[in-house]
Amino acid sequence: MKFRILNFFIWIFLIAFAMYCGINGLALWPVAILVILYSIFLITISTNIRWNVFIKGFHHQKNHPKKEICLTFDDGPTEVTPKILDLLDKYDAKACFFCIGTQMEKHPDIVKQIIERGHIIGNHTYSHTRKMGFLSSKSLTREIDACDIIANDISGLKLNFFRPPFGIINPKTKRALRKTGHHVIGWNLRTYDAILNDENKILNRVKRKLKPGDVILLHDNKEQTARILEQLLMHLQANEYQAIRPDQLFRIHAYI
């Protein structure tokens, strides 16, 4: 509510300033610059989930005393997911999979495999639409609820974790989550495996930044992720790190 009021008054000021400039024959370019800068500011705070501007999320466990990290996978399940599950089993690692509703409808057996192998699933909306930042709070609530229903139909579980597509958090997301009650699980170490094609570059970036309490973002809809994951798991094992689930790291329930 505070942000909505502040945002309202900022836009009122900008409009009033523009009117003042117009009435007094002043140049409007300062107004245009202010509008552009404020728009950039809004986009920046809405796409940086770790800043906790609108909602307090769980992104990493600061000063974690044990060599433990979390592996999280977005946008599945897909045909790649079983390969990832096999690798996690091979290295005795656990993870959290943030699943899209439409993907769970296509691959219900893989959802069951994820759970049966000791991992957890979270809500990643029903459609993962690219219009996520423009959805109303009601539409976003429907997206979250629809994903929950599919997960419950397949697994019998009520999801408690939510990860917003593209990491977009804004006042509408806040209102939606107030209704659904989910905990937001973010990340503090992004691999960019969905964007970059240089596997060595991706892997070295993670190795260089890795520290206890990290939450690592990966995607189980990319073939290269499985190859990167195996190298990462070998690195974790060699350095005595253990991959645990977010519910274990943050001590909050994954399911209601």
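The values are calculated or read from the model by the stated rules, or taken from the named source; none is laboratory data. Note that this is a predicted model, so its numbers are computed, not measured. For neighbour counting, all protein chains shown are included, and Cβ atoms are generated from backbone atoms with ideal geometry for every residue, glycine included. Note: areas computed on protein heavy atoms with side chains; ligands, DNA, RNA excluded. Shrake-Rupley method; radii C 1.70, N 1.55, O 1.52, S 1.80 Å.
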Query raised in the report: Any idea how many residues of region 46-63 are surrounded by 15 or more Cβ atoms within 10 Å (Cβ to Cβ) and part of a helix (DSSP H, G or I)?
Result: 3
Requested in this report: Output the qualifying pairs, or none if there are none: Cβ atoms under 7 angstrom, residues six or more apart or on different chains, first residue in region 77-101 and touching a residue at least 60 places away in the same chain (Cβ under 8 Å), second residue of a type in the set (S, T, N, Q) and open to solvent by 10 Å² or more (accessible area, probe 1.4 Å).
Outcome: 77/103; 78/103; 78/221; 80/221; 91/237
Query raised in the report: Has region 76-92 got any residue that is surrounded by fewer than 23 Cβ atoms within 10 Å (Cβ to Cβ) and touching a Gly at 6+ places or on another chain (Cβ under 8 Å)?
Result: no
Query - From 138, 131, 67, 83, residue being more than 18 Å from residue 187 (Cα to Cα) and over 21 Å from the mean Cα position of the chain (by Cα) - result: 83
Query - Complete set of residues in region 106-138 that are at pLDDT below 95, part of a helix (DSSP H, G or I) and open to solvent by 30 Å² or more (accessible area, probe 1.4 Å) - result: 134
Query - Scope region 171-219; condition in a loop (DSSP other than H, G, I, E, B) and under 19 Å from residue 124 (Cβ atoms); matching residues - result: 181, 182, 186, 187, 188, 191, 192, 193, 194, 195
Requested in this report: Report the residue count in region 179-208 for those that are open to solvent by 10 Å² or more (accessible area, probe 1.4 Å), closer than 16 Å to residue 220 by Cα and not hydroxyl-bearing (Ser, Thr, Tyr).
Outcome: 8
Query raised in the report: Before we move on, is residue 141 open to solvent by less than 50 Å² (accessible area, probe 1.4 Å), of a type in the set (S, T, N, Q) and in contact with a Pro (Cβ under 8 Å, 6 or more places away or on another chain)?
Result: no
Query raised in the report: How many of the residues in region 220-229 are open to solvent by 60 Å² or more (accessible area, probe 1.4 Å) and assigned to a helix (DSSP H, G or I)?
Result: 2
